[in-house]
2 protein chains.
Amino acid sequence: MTTEDLRTERTTVRRMAERAAYDAATVYAILDEAYLCHVGVIVDDLPIVIPTLHARIGDDLILHGSPASRMLRTAKTQEISVTVTLVDGFVLARSALHHSMNYRSVMVVGRPEVVPDHEKAATLDALVEQLTPGRIPYLRPMTDKEARGTTVLRLPLTEASAKIRTGPPGDEPEDYELPIWAGVVPVTESYGAPETDPAMRMDVEVPDHVTSFRSSAP
Amino acid sequence: MTTEDLRTERTTVRRMAERAAYDAATVYAILDEAYLCHVGVIVDDLPIVIPTLHARIGDDLILHGSPASRMLRTAKTQEISVTVTLVDGFVLARSALHHSMNYRSVMVVGRPEVVPDHEKAATLDALVEQLTPGRIPYLRPMTDKEARGTTVLRLPLTEASAKIRTGPPGDEPEDYELPIWAGVVPVTESYGAPETDPAMRMDVEVPDHVTSFRSSAP
């Protein structure tokens, strides 16, 4: 993945909105598999990039945080972008310059809307449930105070583009004659054994949704 | 990791430059362990966020790509930010709102310099070698033409800040009485069995630096 592969010009982003259902399905699948996104907002003329969690709910991307967050306060007054990147492998080529990554990436562009108070609890529950399937039915319900104390933003998925690289390296024609091993080293993410909070005050069985963590996630 | 955890205001970023050696060591370790970064640049008034590969070489962050890349052409005329995020675990709390992530993140802010032609090949070799240790001595040397055809940027690490969360959830005091399992599910990245390029024209042993891929990476 060089910056060449990933240059994304605004005209391209704009054009994506007109594309076919295939692209929307691809974009949604990438957004759903990822949980981490990087949000770009302009603060004092600087394009800052903030990592945060996201979930896709219907045709919206949901972001949340403290009402005191300057990123969130700024984001709701401007057009922002949100980028999600899934790494699938290191591409080892026969020459240094053709080294690359296999990856799936999505950039969403838009002006976020503030989710109103009466929808916040349901939206936050949906976000937590999508990130950690099975968790919400297991917890105590969110209080009104908790929901009120959180800012929730909804970014409509009307302008988004996917960028994907798969497969072996693409080398210079003459380099295929060299006795150099080339190929792909796959990258995967895995979940380790759950670590129980040392502050637990009672014996509680580790629930199924934790032992099989995110196995039912998209 | 909520946006609350990660709000990063420009004043904070500015202040980081004055911090102690401990912080520089922490920032450098995070930049070195990561290979993927997200670059924020302003294009047509929009803060776009582009994933790309990076390497730290000395006190600089190295980015590269095609001279045709609008992101790179734009980046070298403005102040940008580069964010790196390593995910360490899902933090499962007793209430929905205290769910979080364990992570280590760095944001670097600055104005990139263009690496001059005569330094490009060595800089690109160092980048590839840091990302895939052992690879460069195994490859044919980069040609002058290849080096000239690549834009290489150097972002001085003078303004950077780290943000780190570790440990178990922090719940509301009364929730510790609830019979709810709480703790952390660790997240790790792993490398699968190397997949040989189907276009290989001869039998070549998989070299050690591939079978033990990135085991000597930072």
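The values are calculated or read from the model by the stated rules, or taken from the named source; none is laboratory data. Everything numeric in this text was worked out from a predicted model, so none of it was measured. We place every Cβ from the backbone using ideal geometry, glycine too, and count neighbours over all the protein chains shown.
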Checklist entry - Does B:S215 qualify as being under 23 Å from B:L36 (Cα atoms), out of contact with any Cys (no Cβ under 6 Å at 6 or more places or on another chain), among the small types (G, A, S) and more than 7 Å from every other protein chain (Cβ to nearest Cβ)? => result yes
Checklist outcome for this item: Restricted to the range A:143-165 and to residues being charged (D, E, K, R) and outside any strand (DSSP E or B), the residue nearest to the other protein chains (Cβ to nearest Cβ) is A:E146
Item to check | Qualifying positions in the range B:197-209 - touching a residue at least 40 places away in the same chain (Cβ under 8 Å) and buried (at least 18 other Cβ atoms within 10 Å of the Cβ) | outcome: B:H209
Checklist entry - Given the conditions (1) buried (at least 17 other Cβ atoms within 10 Å of the Cβ); (2) in contact with a Gly (Cβ under 6 Å, 6 or more places away or on another chain), which single one is not true for B:K163? => result (2)
Checklist entry - Hey, does the range A:119-127 have a residue that's more than 22 Å from B:Y191 (Cβ to Cβ), at the interface with chain B (Cβ under 8 Å from one of its Cβ atoms) and not hydrophobic (A, V, I, L, M, F, W, C)? => result yes
Checklist entry - Of the residues in the range B:17-32, how many are at pLDDT 90 or above and not aliphatic (A, V, I, L, M)? => result 3
Item to check | Test: residue in the range B:146-155 that is out of contact with any helix residue (DSSP H, G or I) (no Cβ under 7 Å at 6 or more places or on another chain) and at pLDDT below 95 | outcome: yes
Item to check | Residue list for the range A:128-160, filter: more than 30 Å from B:E172 (Cβ to Cβ) and either among the hydrophobic types (A, V, I, L, M, F, W, C) or surrounded by fewer than 18 Cβ atoms within 10 Å (Cβ to Cβ) (or both) | outcome: A:P156, A:L157, A:T158, A:A160
Checklist entry - Out of curiosity, is A:T8 within 18 Å of the chain's Cα centre (by Cα), crowded, with 22+ Cβ neighbours inside 10 Å, modelled with pLDDT under 75 and within 7 Å of chain B (Cβ to nearest Cβ)? => result yes
Next on the checklist: Tell me the residue from B:P51, B:P116, B:P112 that is without any contact (Cβ under 8 Å) to a residue 60 or more places away in the chain and in contact with a Phe, Trp or Tyr (Cβ under 8 Å, 6 or more places away or on another chain), please.
Outcome noted: B:P51
Next on the checklist: Quick check on this structure: which one of A:S161, A:S190 is of a type outside the set (F, W, Y), under 30 Å from B:L178 (Cβ atoms) and at pLDDT below 95?
Outcome noted: A:S190
Checklist entry - Is it the case that the range B:166-176 has a residue that's surrounded by fewer than 16 Cβ atoms within 10 Å (Cβ to Cβ), within 7 Å of chain A (Cβ to nearest Cβ), on the phi < 0 side of the Ramachandran plot and not polar (S, T, N, Q)? => result yes
Item to check | Matching residues, the range B:177-196, being surrounded by fewer than 14 Cβ atoms within 10 Å (Cβ to Cβ), part of a loop (DSSP other than H, G, I, E, B) and within 7 Å of chain A (Cβ to nearest Cβ) | outcome: B:P179, B:G192
Next on the checklist: Whether any residue in the range A:197-204 is more than 7 Å from chain B (Cβ to nearest Cβ) and either assigned to a strand (DSSP E or B) or of a type in the set (D, E) (or both) is what I want to check.
Outcome noted: yes
Next on the checklist: Restricting to the range A:61-109, name every residue that is more than 8 Å from every other protein chain (Cβ to nearest Cβ) and hydroxyl-bearing (S, T, Y).
Outcome noted: A:T74, A:T77, A:S100
Checklist outcome for this item: Expected output for the range A:33-44 (first residue in contact (Cβ under 8 Å) with a residue 40 or more places away in the chain and within 7 Å of chain B (Cβ to nearest Cβ), partner surrounded by fewer than 24 Cβ atoms within 10 Å (Cβ to Cβ) and not hydroxyl-bearing (S, T, Y), Cβ below 7 Å, 6+ apart or cross-chain) is A:L36/B:V87
Item to check | A:P116, sole failed condition from (1) out of contact with any helix residue (DSSP H, G or I) (no Cβ under 7 Å at 6 or more places or on another chain); (2) within 11 Å of chain B (Cβ to nearest Cβ) | outcome: (2)
